[in-house]
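Scroll down for the structure; my scribbles are underneath it.
The values are calculated or read from the model by the stated rules, or taken from the named source; none is laboratory data. Keep in mind the model is a prediction, meaning the values are calculated, not measured. Glycine also receives a Cβ, built like all others from the backbone with ideal geometry; neighbour counts cover every protein chain displayed. Side chains included, ligands, DNA and RNA excluded: accessible areas come from the protein's heavy atoms. Shrake-Rupley method; radii C 1.70, N 1.55, O 1.52, S 1.80 Å.
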Amino acid sequence: MGTSPYLPPPPPLRLPPTDPTRQTGKLPRDPAPPPTSSPASPREGIADAAMASTSSKHAKHRRIGEDDGEEEEAEEELGRFDDFTIASSWERFISEIEAICRQWLADGPKILMQKGAETVPSFENLYMVKRELKHGKRVYCMEYHFRKSAKGKYSYWDDDTHSTQLSFGVDEFLIIAPLSASGVVLDDPESTKLLSSVAIALSNCGSNWPAFVPVHDPSRKAYIGIQNMGTVFTRRFEADRIGSQVPIRLMHLEGLHELFLSKFVLSSTDFPAKVKVNFSMKLTYRTPEHDYDHEETLDSEATESIPESEVASQPRKQWDDDCPWAEWYSAEDPVKGFELTTIWGEKMFEESFEMAEVENASSFDADSWLLQPVVSPYMVDDSIGKFVGFASQLHLLVNAFESSAEAQFLEDFVADNSGQDNSKSSVAVPPPSVIDRVMKDLFNDEAGNSNYVEAENKYGRALKGAPSNSLFAQFCLHALWFGNCNIRAIAVLWIDFVREIRWCWEESERLPRMKTTSSIDLSACVIHQKLQMLAICIERKKSLNRKKDTDDAHKEKTSNSMAPDKIRKGSAGAVPSMMLINTFQEMHAPYTQDAPLMTEDMHEERLHAAEAFGNAVGLSGQLERDILSSDMSAFKAANPDAAFEDFIRWHSPGDWVSEDKSDGNPAWPPKGRLSQRMSEHGNMWRKIWNDAPALPVSEQKSLLDSVREGEKVVHYLETLRPQQLLEQMVCTAFKSSADILNKTTYGGFKLMKTKMDQLYATMASTLRSLQGKSDTSDLAGDLKRLCQVFEHIEKLLIFAASVHRKLIDAPRLAQSIFTDYFNYYLPKMGTSLESICYEKEFTTKEKVGMLEREAVSSLFRPPTANQSWRKVLSMGNLLNGHEPIQREIVFSVLEKLSNGHYSSPTPLSTDEQIETHRMYISGTSNDLWVALSVTSWD
């Protein structure tokens, strides 16, 4: 076997000789003789052992024939059985290895798995059993690797192929190494003796398992090995590595091809004209780190006009700058890049110059492309607290909620407690400048009215929090990132927030981020309802003067009208096909006041008061009388000559029994009568009609006392208890955070959409307990588990967004990669508060279609001028100017058994071929690892 001038010479394989007088089945029939250069020949050890055994036998016979005084000792010696075939410790070591191997052979893979065979990490179909053996003062570990199920002929480029299987082209194998820090045998005689021991044991067992022993320094990853392939052939293995200063010739395929040929040709001048060499290659590329600053480069003229100091001060662009969560935090990109694997299937070449053509060929010519995302470590490690996002801040908010029951007023948390131990980082408050910035953002005049309903998830209405982008929702989101979201920081921020609310009320300034509607959303939290009430009160307050001016202008406009119209006020227009009973005039519909607005707590107060006084009907009736009186006054003002019957016809048509013919032509005067309840003596409606003055809405007293109700709202906000505030903040913060994430564009991945809907359902069921006024300690555990679920889905969604935007031109591929990662991550998505650690790494690769290769190649942007000079390209097979991070090659030569020195006297099929030489090469321009296997005829 030839050696390369570029690799250190491997240690020679030394097998012990065979003693022809001891053909007991314990030693192979035809072992290779040891080289003469061995410093400690095993032949001498065996001869010495044999001589010692013979001497021991003669000595024992002499002891038997001695005097009667030694008879008892002789009988004891005769009673003990000595196996003279394993006289030496080395042969006992071989016997022990043989016994273990026989047991493993007898059990087979199925029984070995039942006995507790371990799965080899990262390999689903590969299992391992191991045993410890002692020889002298050294302890060795022997490992047997086997497949769970036979795949038949498998591709060595499969991801489920172990490095030893790929390097040497084997299936199941043994590895024996000393139990030491490195697990490597450093002494050549020891490694040769160890390998010889295993080879003899396997030969005795009749096993064809290949055996390997690590040698040399651990950094070299060097091995020697042997495999008995029956009575005719033996296969030997060796592997070594160059860790630096790889010769230039070995950086290219042509030089590597010549290296392989040198293993079975004496010199380069003896190269045959044409040697049929089978060739297969696997290239792995990794996308360069993406530079988002250069994604949208400035024009040269524009760049020259900007001073260098301003260019340097510009913030660095992040990958998620246009994502919905970017306003609150910048997430680490979960996809650090992609690894592209291109595989060139097995081809046959006859000359070295053909290798140069393969090296210069385009990667698009490869038989298959496989793409794998390089996932950030924080996406794989699920340890609590390592991910910073909405989930981590919500967890801090839940901690603040636990502390909220410690005081009755928020001011108690703000009070100076510098003398206490907990007044350090756990209760730190940002400086006033940060508070001012938050208040300016919340009460920004440009915020305008919020259109927050459109962006909500259809399941979000089940959550009793403030709508997205509303004033209180924005306050909660700011509170998540204010300081470390401790109870003291929240108290300080809330007091300043309420102070700004009071200023808006007193100055009649519109509340930002609040919809200007005349209704209260009772499905939202109470604080949002109160802010809605305050916004309406502010608008009512501001509109009082405007209404007076409008009435004065209306008086001047109607001064020249007909006599009946001179005093008509507050008319919204004539009612079609309706005439007044007493005068031949059209009936006019008046402007009326809206029903008094009430928040959820106001409804509850009225209900409790009614239950306490036992007069629920009376309280409700008083409110109805006020509303009815207002409507009657407005109707009288719009119809000065109207009668009570006219109001009934307009306001309550069911209480008017018409006697007109239904021919479609309204008759005058209208014929009909009041219903029985309206005709009764002392009817309340008629009494209110008689007492109601003719006043338009603008001149009436408002049913809603905006000043009183506005003051009540501000007082409620100023005296809100900490626990009540934190309860509503928790609900709103969860809802608002989920709504922000729900706006993310991730390509419509169905699995992701389903998980988002499940998140809303989980939040609704968990947060419903907060409305039931449950004990704080009972809720804390549930809320923390909800934070854990939220974190899992948040990380998944960020991953989906990153994959989608990087593979936007290959949607099928993006969907498949996300599905692979989703299935990998699914076992982690529990609700346990403990960390669940998995050894398995995400290594799934997705096949790239022919039409998707262009989109994938665009991930490898051509290097910029700055990147080009930093790295000198030494290898071929470039992809858009990027060389592979790893190149793996397999050379092999097949020969018929009847050819050359591989022929044997045993009748064999002439069509059968054997792999005589095989070389696996893996490396880059700075690293080269070579594994060689050679089959020889013994």
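Just a few scattered comments:
- ³J(HN,Hα) computed for each position of the range 512-519 - Karplus, 6.51 cos²θ - 1.76 cosθ + 1.60, integer Hz, glycine/proline x: x, 6, 10, 6, 8, 10, 9, 9
- The protection proxy used here, the mean number of other Cβ atoms lying within 10 Å of each residue, ranks peptides 527-536, 695-704 as follows, highest first: 527-536, 695-704.
- Summed side-chain charge close to Pro722 - residues other than Pro722 whose Cβ falls under 14 Å, Lys, Arg +1, Asp, Glu -1: -4
- Rounded Å value of the spacing that divides the Cα centres of the range 692-746 and the range 637-661: 39 Å
- Between the C-alpha center of the range 196-235 and that of the range 573-594 there is a gap of 109 Å.
- What the phi angles of the range 588-600 give under the Karplus curve with 6.51, -1.76 and 1.60, with θ = phi - 60°, is a coupling list of 10, 7, x, 6, 10, 7, 6, 5, x, 7, 9, 7, 4 Hz, glycine and proline written as x.
- GluC sites (Glu not before Pro) lying in DSSP loop within the range 474-520, provided at most 10 other Cβ fall within 10 Å: Glu507
- Computed over neighbours whose Cβ is under 9 Å from that of Arg241, the net charge equals 0, Lys and Arg +1, Asp and Glu -1.
- 20 °C / 1.002 mPa s Stokes-Einstein diffusion coefficient of the range 98-191, Kirkwood radius on C-alpha pairs, µm²/s: 146 µm²/s
- Prolate/oblate/rounded label for the range 501-547 (Cα gyration tensor, a/c 1.5): oblate
- Whole-Hz ³J(HN,Hα) from phi, Karplus 6.51 cos²θ - 1.76 cosθ + 1.60, for the range 365-374, glycine and proline x: 7, 5, 5, 8, 10, 10, 10, 9, x, 8
- Taking every alpha-carbon pair within the range 631-771, the share separated by more than 21 Å comes to 70 percent.
- Distance in nm between pseudo-label sites at Ser89 and Glu351 (7 Å out along the Cβ direction from Cα): 6.1 nm
- Local electrostatic count at Val277 - Lys and Arg +1, Asp and Glu -1, tallied over other residues with Cβ under 13 Å: -3
- Inter-site label distance for Lys134 and Glu604 at 7 Å from Cα along Cβ, in nm: 7.6 nm
- For the range 177-290: rounded, prolate or oblate by the Cα gyration tensor [a/c cutoff 1.5]: oblate
- Taken per residue, the accessible surface of the range 703-809 reaches 36 Å², heavy atoms only and a 1.4 Å probe.
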